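Since the structure comes first, as structure tokens, the remarks are kept for the end.
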Amino acid sequence: AGGVELAAAATHQPAEREAQVPSSAAPEPAPGARELRGRVRAAEDGTSVTRFTVGLLRERLGNATYPPVTRVFDSADGAFLWPAPPPGKQRVYVHAEGFALAALGEFTLDAAQTLEVRLERGVELTGSVRDEQGNPIAGALVLAEDEAPTDGLFFARSEDAYWLPVQTRSESDGHFVLAHASVSALGSVLRASADGYAPTWRENARPGEELELVLRPGGVLEGRVTGADGGPWGGAQIVVVAMEQPTLPRT
């Protein structure tokens with residue numbers, strides 16, 4: 001399963017969220033304006049999506065993994081305008097209830113950008129989460145890791161720090177239904193996690209299969225952190241990064 005790399009440094013910054021912003025058909029951009037605008041429609045029939053979230057994920061530099069900056073729009077015609085968005089290279093995501101997450105690609109937001117967004121309904125993935133003895137685990141978080149809008153996820157409680165719009169929880173019998181996952185010919189990489197367990201993954205997950213994810217307690221790392229002088233370094237944050245796992249790039 002590959003190794004781990006330890007570093008005494010913080011690699012995460014708290015999520016930055018913006019307040020809900022109403023939207024309507026906006027005027028044409030002023031010359032030289034730095035803004036992100038567009039229109040969101042359902043792919044199946046072209047109707048306007050009236051409530052949606054736009055997420056901007058900054059370019060990754062070094063080992064830092066950030067959650068995206070998100071903004072909620074209400075719009076009768078699906079139009080949105082985000083004036084003065086975070087500058088530089090940003091990956092743009094759009095999500096609405098009842099649809100799969102749309103990953104639109106990377107844009108340099110140092111000038112006006114206009115996007116036409118088509119949201120797909122996605123597919124449904126079903127299965128169960130159990131422990132090594134076959135007992136059901138209730139309340140486990142299940143998501144398609146390969147479509148999470150971030151460069152990194154924690155081993156535990158990622159939902160507290162990251163925007164994960166397409167997710168579900170296992171029921172009392174361990175069963176789960178993950179609706180509106182993105183369509184992929186190669187299948188999804190499903191990830192399940194729960195308090196007291198290490199996360200687990202199922203590659204090539206496809207609709208129509210009953211997918212079983214088994215959670216195990218995981219291992220323990222123990223050691224001592226010292227400073228340059230050899231003395232104890234109290235309060236250091238220990239970061240464990242999964243290595244040599246190309247199919248799990250967000251862990």
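The values are calculated or read from the model by the stated rules, or taken from the named source; none is laboratory data. This structure is a prediction, so every number in the text was calculated from the model and none was measured. Positions of Cβ are generated from backbone atoms using ideal geometry, with glycine treated the same way; all protein chains shown enter the neighbour counts. Just so you know, the surface numbers come from the protein's heavy atoms only, side chains and all, with ligands and any DNA or RNA stripped out. Shrake-Rupley method; radii C 1.70, N 1.55, O 1.52, S 1.80 Å.
Tabulated values for the structure
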{"quantity": "Surface share of carbon and sulfur [accessible, 1.4 angstrom probe, percent] for segment 57-205", "calculated": "48 percent"}
{"quantity": "Relative packing of peptides 230-242, 135-147 - highest average C-beta neighbours within 10 Å first", "calculated": "135-147, 230-242"}
{"quantity": "Segment 114-251, accessible area per residue, ligands and nucleic acids excluded (1.4 Å, Å²)", "calculated": "53 Å²"}
{"quantity": "ALA228-ARG60 pseudo-label distance in nm [points 7 Å out on the Cα-to-Cβ vector]", "calculated": "3.0 nm"}
{"quantity": "Mean-position separation - Cα centroids, segment 58-100 and segment 150-193, in angstrom", "calculated": "19 Å"}
{"quantity": "Overall form of segment 110-243 per C-alpha gyration tensor (a/c, 1.5; a/b vs b/c)", "calculated": "oblate"}
{"quantity": "Chain lengthening between ASP173 and THR50 when straightened (0.36 nm per residue, less Cα-Cα)", "calculated": "40.7 nm"}
